[in-house]
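A.B. asks: Mind having a look at this structure? Questions to follow.
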Amino acid sequence: MNLVLLGPPGVGKGTQANHLAKEFDFKLISTGDILRNQVQKNTTLGLKAKKFVKIGKLVPDNIILDIIVTHTKNNHPYIFDGFPRTVKQAMGLEHTTKKRGLSLDAVIYLYCNENVIIERLSKRRVCPLCGKIYNLITNPPKNGNKCDLCNESLKQREDDREEIIKNRLKIYQRQTMPLLEFYEQKRILHKIDGSKPEKQVYETIRDVILKERSD
């Protein structure tokens with residue numbers, strides 16, 4: 001079974017994707033995490049993507065599709081976190097899976113109020129050493145601005161600043177929302193309220209997966 005998690009930045013895709021990967025043995029493909037890692041290492045891919053990430057713009061389809069082809073070399077079940085973001089990317093994913101005799105079984109769309117998203121993301125902090133993510137309101141570090149695990153000073157990601165968040169949401173609405181119609185036509189889209197408590201959201205997604213597996 002292959003699964004896609006869609007939704008605007010800050011809706012909780014990454015958190016839910018990690019839970020699902022552990023329980024159902026999905027290989028997690030997060031294009032956002034891959035891109036940030038490449039940017040941090042100043043690789044060729046990272047340098048190409050950096051100018052787009054820094055100002056909150058979507059990285060071009062050809063760069064994203066190169067990542068997907070590189071990271072999906074076998075037939076292990078995948079969960080895609082935040083990919084695809086455009087219809088062109090969706091068609092590229094469909095082409096890649098069909099070539100291997102696979103299919104996309106379900107698309108989960110998490111939605112949330114814009115003000116809630118801005119609040120979540122602007123309060124997010126990340127440990128640059130171990131990658132652990134905190135929220136200053138809902139999941140604050142125990143020791144000031146230090147990571148609980150490695151005592152490193154926490155950082156705010158460039159794309160988590162309020163003005164960048166607002167720009168990201170505008171771009172998301174314009175370029176990504178057509179995906180909903182694309183997947184609705186394929187009858188594999190499931191819409192879930194991402195503003196609900198984390199555990200409740202997870203249980204709802206889990207129910208979708210179990211139902212799809214049993215059909």
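The values are calculated or read from the model by the stated rules, or taken from the named source; none is laboratory data. These numbers were taken from a predicted model, which means no experiment stands behind them. Neighbour counts run over all protein chains shown; Cβ positions are idealised from the backbone, glycine included.
A.B. asks: So which of 79, 118, 63 ends up being assigned to a helix (DSSP H, G or I), at pLDDT 85 or above and touching a Lys or Arg at 6+ places or on another chain (Cβ under 8 Å)?
C.D. replies: Answer to the check: 118.
A.B. asks: So in the stretch 23-46, with the set limited to residues that are within 27 Å of residue 213 (Cβ to Cβ) and outside any helix (DSSP H, G or I), which one is farthest from the chain's Cα centre (by Cα)?
C.D. replies: Only one residue fits best here, namely 25.
A.B. asks: Mind telling me which of the residues 149, 136 ends up being farther than 22 Å from residue 22 by Cβ, surrounded by fewer than 16 Cβ atoms within 10 Å (Cβ to Cβ) and free of Cβ contacts under 8 Å to residues at least 60 places away in the same chain?
C.D. replies: 136
A.B. asks: Could you run through the stretch 47-60 and say how many residues are without any contact (Cβ under 8 Å) to a residue 40 or more places away in the chain and assigned to a helix (DSSP H, G or I)?
C.D. replies: Step one: filter the stretch 47-60 for residues without any contact (Cβ under 8 Å) to a residue 40 or more places away in the chain, giving 47-52, 59-60.
Among the residues that remain, those that are also assigned to a helix (DSSP H, G or I) are: 47-52.
Qualifying residue count for the region: 6.
A.B. asks: Right, another one. Return the residues of the stretch 94-115 that are farther than 26 Å from residue 157 by Cβ and outside any strand (DSSP E or B); say none if nothing qualifies.
C.D. replies: Hits for the stretch 94-115 are 94, 95, 96, 97, 98, 99, 100, 101, 102, 103, 104, 105.
A.B. asks: Going through the stretch 18-46 one residue at a time, which ones are within 13 Å of residue 3 (Cα to Cα), surrounded by 19 or more Cβ atoms within 10 Å (Cβ to Cβ) and of a type outside the set (Ser, Thr, Tyr)?
C.D. replies: Hits for the stretch 18-46 are 20, 21, 26, 29.
A.B. asks: Quick check on my filter: what residues within the stretch 57-93 are within 22 Å of residue 180 (Cα to Cα), polar (S, T, N, Q) and over 16 Å from the mean Cα position of the chain (by Cα)?
C.D. replies: Result: 62, single match.
A.B. asks: Scan the stretch 136-159 and tell me whether some residue there is at pLDDT below 95 and part of a helix (DSSP H, G or I).
C.D. replies: Yes - at least one qualifying residue is present in the stretch 136-159.
A.B. asks: Going through the stretch 162-195 one residue at a time, which ones are touching a residue at least 40 places away in the same chain (Cβ under 8 Å), closer than 29 Å to residue 124 by Cα and not in a helix (DSSP H, G or I)?
C.D. replies: The answer is 176, 189, 190, 191, 192, 193, 194, 195.
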